[in-house]
Amino acid sequence: MDKLIVIISGIIGILFTYWFFLMKRERTISANSEIEIIVEGGYSPESISIPKGRTTKVTFLRKDPSSCLEEVVLGDFKIRRQLPLNQKVTIELTPQQAGEFKYSCGMGMYHGKIRVTD
Amino acid sequence: MAHIKKTFSVKGMHCASCVLTIEKSLKKIEGVNSAIVNLATEKATVDYDSDKVTDQALESAVSNVGYEALIREEIHSEDEEKLRKLKELSALKIKVIVSLFLGGFVLWGSFPGLVNTAPAIFKNFWIQLLLATPVQFWAGWEFYRGTIKSLKHRTANMDTLVAIGTTVAYGYSAFVTMLPGIIEKLNMEAMPYFDVATIVIGLILLGRYFEAKAKAGTSEAIKKLIGLQAKTARVIRDGKEADVPVTDVVLGDLIRVRPGDKIPVDGIIVSGESSIDESMVTGESIPVDKTIGDNVIGAAINKSGTFTFKATKIGSETMLAQIIKLVQEAQGSKAPIQRLADIVSSYFVPAVIMLAIGTFVFWYVLGPEPALLYALLNTVAVLIIACPCAMGLATPTAIMVGTGKGAEHGILIRDAESLEIAHKIKAIVFDKTGTLTEGKPKVTDVIAYDSFTEQDILRYEASLEVGSAHPLARAIIEETEIRKALPLEPIEKFESVAGYGIKALIQGKQIYAGKEKLLNDNNIDTQIAKNDIERLTRAGKTLSLLAVDGKLAGIIAAADTVKPSAKEAVEALKKSGIEVVMLTGDNERTGKAIAEQVGITRILAEVLPGEKETEVKKIQAEGKTVAMVGDGINDAPALAAADIGIAMGTGTDVAIEAADITLINKDLRSVVSAIALSKETMRTIKQNLFWAFAYNIILIPVAMGVLYPLWGILLNPIFASVAMATSSISVVSNSLRLKTKKIYL
């Protein structure tokens with residue numbers, strides 16, 4: 001009986017883990033000319049949309065002391081920046097190409113997205 | 001007392017009086033030693049005691065007088081950043097020491113083999129609980145904090161795995177200690193595993209400590225470059241010399257540089273001369289002699305003389321600033337090879353959690369007795385062994401060290417992708433003029449006939465050419481100066497025969513200088529020089545024949561000379577299996593003469609500037625990865641068309657724009673070094689990725705217990721934590737090894 005309970009709980013646990021981490025719905029916040037991203041256990045908002053060809057100021061404010069998050073890497077924009085704790089770091093982006101660009105922490109564990117719209 | 005210098009932007013300034021008002025207001029704060037506000041840059045630099053002055057105090061001092069200080073938007077000064085890092089590291093060190101110390105006692109009192117030697121007090125479960133609790137919740141708090149914050153975002157990372165793993169071990173042990181009866185009822189020995197929780201936390205924190213120290217080494221090169229910037233400049237304004245901060249230098253300022261001084265910004269020498277060591281910026285190892293009219297670059301060291309120069313580039317426009325920007329961009333870019341690691345690491349932690357749950361179920365249902373214990377320990381081992389960090393660090397750390405190493409030696413790599421492609425190069429196309437050669441002709445032969453001497457020939461020719469800007473004329477005058485064939489003679493009745501040469505009177509003698517045709521048209525016999533003319537022309541040289549009073553007096557031959565490093569570079573490239581091609585607008589004969597000197601056999605001659613791009617594409621069509629080496633200005637389209645465009649000896653914006661790799665030290669051997677650097681970096685990345693993937697692919701199943709049915713091997717979570725802690729350190733250390741690799745000829 002206990003084995004059956006463990007099997008069922010295990011299956012539920014695996015499904016829950018899959019749903020919880022890998023099936024989350026994404027909400028994209030559109031930025032006009034500037035937007036602030038809070039860095040705390042991830043990026044919030046995780047997905048932002050910015051217009052193509054115009055400069056948008058993206059400000060990162062890291063509130064999480066975890067060393068994983070101390071750097072942000074926007075590989076497509078060739079930007080790697082240190083994010084000092086509780087300091088605003090502003091990056092100016094003037095994308096010339098529409099599309100979806102991912103960014104991450106220095107070790108590639110936390111991810112965010114920048115959608116560039118026409 | 002900690003002195004800090006902070007620079008921040010100030011909004012709302014519009015005149016010089018604003019500067020004074022803000023400076024005054026800032027200086028009024030107790031603890032501020034100095035405050036300098038710059039209207040041009042709209043920045044304030046404040047030197048203060050960080051124990052007494054807060055950011056808020058600075059902000060309100062500025063806002064009280066009607067302006068806005070953007071302190072928090074600025075990255076802290078380097079000193080402050082360093083201080084914060086040091087504090088973080090020492091806090092981590094304390095946690096490591098405490099947790100390993102307390103964990104050591106727990107381990108002594110519980111680990112099979114050691115337990116017999118331990119005093120009774122450490123064998124007491126309640127004492128173990130007491131020792132393990134601060135480790136779990138104080139030293140291990142950062143794992144919990146990371147986990148809680150991530151879970152809010154429905155993400156997971158390393159912290160999540162460690163937190164779950166150690167909590168399972170600690171929770172089970174605490175339960176066993178407090179309610180042993182329940183465990184015994186299940187026919188299990190009431191044995192806690194506090195050693196697993198404490199030692200795992202201690203070792204993982206230790207790994208993090210070493211990793212942080214090693215990671216700091218990967219960005220050393222860029223810090224070094226930033227550190228090269230001069231702090232002050234000795235500016236001459238209104239006839240007075242004064243040391244001012246380098247940020248206050250404006251375009252056109254006259255700056256005095258004394259021996260041993262660092263040149264503050266880029267400029268052009270207006271008086272004096274000196275020998276300048278530019279090695280720290282360009283990688284050029286030999287000091288360069290410079291005089292009036294020559295360019296100087298900021299951050300170079302003045303070795304001998306005193307000179308004054310006019311600032312032509314300041315702030316972000318200087319060569320050093322451009323180099324720093326380029327290196328920072330390269331270090332921020334991603335190599336295509338990283339894509340797989342990126343995809344894997346984004347699914348990695350959830351996948352490991354699912355595997356851990358599966359492991360628990362499997363061992364509980366099918367494992368031997370005590371099944372619960374096996375299930376728990378193996379689950380913890382899976383959670384602890386998994387190391388996503390090594391995968392995340394494998395590529396960027398190598399790219400950072402590689403691009404940094406390049407920059408230190410005058411090799412600027414635009415991005416990680418360029419560095420990756422460069423190791424696949426199969427053919428290199430060199431532009432001839434200015435790339436393989438010096439780009440300006442030099443006199444190679446002086447032949448005198450009849451009673452004339454070589455000195456006579458040079459003196460007559462130089463006298464005729466003195467006012468000319470033609471490259472050949474410059475070469476003749478230079479040679480005359482070198483051979484001291486002076487003084488020049490006054491000339492009369494000067495006449496230029498378009499396309500053919502010059503005629504004039506010198507001391508009453510009729511002189512002709514130019515092409516053979518000019519002399520023949522004036523009935524001067526050149527038969528005597530027939531063999532010489534043929535030989536020199538065949539060698540691709542440009543000739544100027546001299547006739548004095550109707551008789552051939554001599555010949556001066558000039559040719560563009562190859563750079564001293566060209567032959568060695570071409571040889572090394574060919575040796576490494578790369579085909580070397582020469583591209584030139586000159587005729588085949590001239591091209592061949594140069595190609596032979598450097599050892600190139602494939603020549604593309606008479607290529608018009610607009611056709612260079614097509615020629616590059618033709619070689620690409622042969623299925624080869626092609627690099628094009630040019631000056632970056634005239635060759636921009638060809639550089640862009642090549643798989644890798646390499647711009648030589650220039651730090652101009654245009655060249656950097658067009659090139660994937662910019663070589664600022666003018667040494668052709670740097671082409672070989674750049675390719676060697678790319679190969680070494682890629683090798684390191686591949687080793688790192690292999691290690692990171694193999695580690696997880698092999699050890700996660702081992703932790704799950706796949707070896708148990710055959711050999712009875714299980715992975716103790718403590719050993720798992722040792723492996724985990726060393727795996728990311730080994731990746732970072734392997735990247736750091738790149739620094740010691742020899743990439744130069």
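Quick notes on this structure:
- Of the helices (runs of 4 or more DSSP H) entirely within segment B:644-745, those holding at least 2 residues that are under 23 Å from B:GLU438 (Cα atoms) occupy B:653-658, B:669-704.
- Of the helices (runs of 4 or more DSSP H) lying entirely inside segment B:350-468, those containing at least 3 residues that are touching a strand residue (DSSP E or B) at 6+ places or on another chain (Cβ under 8 Å) and open to solvent by 10 Å² or more (accessible area, probe 1.4 Å) are B:454-465.
- All of A:ARG62, A:ARG27 fail the test of being more than 10 Å from chain B (Cβ to nearest Cβ), open to solvent by less than 20 Å² (accessible area, probe 1.4 Å) and in contact with an Asp or Glu (Cβ under 9 Å, 6 or more places away or on another chain), apart from A:ARG62.
- Here the condition is being at pLDDT below 90 and in contact with a His (Cβ under 9 Å, 6 or more places away or on another chain); of B:THR155, B:THR147, it holds for B:THR155 alone.
- Taking every residue in segment B:84-100 that is of a type in the set (Ser, Thr, Tyr) and pairing it with any residue that is surrounded by 15 or more Cβ atoms within 10 Å (Cβ to Cβ), at least 6 positions away or on another chain, the pairs with Cβ-Cβ distances below 6 Å are B:SER99/B:VAL135; B:SER99/B:ALA139; B:SER99/B:ILE201; B:SER99/B:GLY202.
- Residue match in segment B:684-695 (condition: without any contact (Cβ under 8 Å) to a residue 24 or more places away in the chain, open to solvent by less than 10 Å² (accessible area, probe 1.4 Å) and closer than 29 Å to B:PHE430 by Cβ): no
- Those residues of segment B:508-523 which are of a type outside the set (A, V, I, L, M, F, W, C) and either out of contact with any strand residue (DSSP E or B) (no Cβ under 9 Å at 6 or more places or on another chain) or under 21 Å from B:ALA558 (Cβ atoms) (or both), in sequence order: B:TYR512, B:GLY514, B:LYS515, B:GLU516, B:LYS517, B:ASN520, B:ASN523
- Filter result for the condition that a residue is more than 7 Å from chain B (Cβ to nearest Cβ), at pLDDT 90 or above and not in a strand (DSSP E or B), over A:PHE16, A:PHE101: A:PHE16
- The set of residues in segment B:566-593 that are more than 24 Å from B:LYS424 (Cβ to Cβ) and open to solvent by 10 Å² or more (accessible area, probe 1.4 Å) comprises B:LYS567, B:GLY585, B:ASP586, B:ASN587, B:GLU588, B:ARG589, B:THR590, B:LYS592, B:ALA593.
- If you filter segment A:83-98 down to residues that are of a type outside the set (S, T, N, Q) and within 13 Å of chain B (Cβ to nearest Cβ), you find that the one that is farthest from B:THR54 (Cα to Cα) is A:LEU93.
- Restricting segment B:183-239 to residues that are of a type in the set (Val, Ile, Thr) and over 30 Å from B:ILE127 (Cα atoms), the residue that is surrounded by the most Cβ atoms within 10 Å (Cβ to Cβ): B:THR218
- Selection count where residues are open to solvent by 10 Å² or more (accessible area, probe 1.4 Å), more than 7 Å from chain A (Cβ to nearest Cβ) and among the β-branched types (Val, Ile, Thr), scope segment B:149-176: 3
- Residue check for B:ILE524: part of a loop (DSSP other than H, G, I, E, B), at pLDDT 85 or above and not polar (S, T, N, Q): yes
- Conditions (1) within 11 Å of chain B (Cβ to nearest Cβ); (2) assigned to a loop (DSSP other than H, G, I, E, B); number of the one not met by A:GLY53: (1)
- In segment B:345-384, the residues that are closer than 16 Å to B:SER173 by Cα, at the interface with another protein chain (Cβ under 9 Å from one of its Cβ atoms) and hydroxyl-bearing (Ser, Thr, Tyr): none
- Residue list for segment B:391-437, restricted to those being of a type in the set (Lys, Arg) and within 14 Å of another protein chain (Cβ to nearest Cβ): B:ARG414
- Residue-level check: of (1) in contact (Cβ under 8 Å) with a residue 12 or more places away in the chain; (2) open to solvent by less than 50 Å² (accessible area, probe 1.4 Å), A:THR17 misses just (1).
- Meets criteria (modelled with pLDDT of 90 or more and either open to solvent by 80 Å² or more (accessible area, probe 1.4 Å) or under 24 Å from B:SER346 (Cβ atoms) (or both)) for A:VAL6: no
- Looking at B:THR318, B:THR306, just one residue is open to solvent by 30 Å² or more (accessible area, probe 1.4 Å) and away from chain A (no Cβ under 14 Å), and that residue is B:THR306.
- For A:ASP118, the conditions (1) within 30 Å of B:GLU417 (Cα to Cα); (2) open to solvent by 80 Å² or more (accessible area, probe 1.4 Å); (3) facing chain B (nearest Cβ under 8 Å); (4) not aromatic (Phe, Trp, Tyr) are fulfilled apart from (3).
- Condition met for A:PRO51 (touching an Asp or Glu at 6+ places or on another chain (Cβ under 9 Å) and modelled with pLDDT under 90): no
The values are calculated or read from the model by the stated rules, or taken from the named source; none is laboratory data. All of these numbers come straight from a predicted model, not from anything done at the bench. Positions of Cβ are backbone-derived with ideal geometry, glycine not excepted, and every protein chain shown enters the neighbour counts. The accessibility values were calculated without ligands, DNA or RNA, using every heavy atom of the protein model including side chains. Shrake-Rupley method; radii C 1.70, N 1.55, O 1.52, S 1.80 Å.
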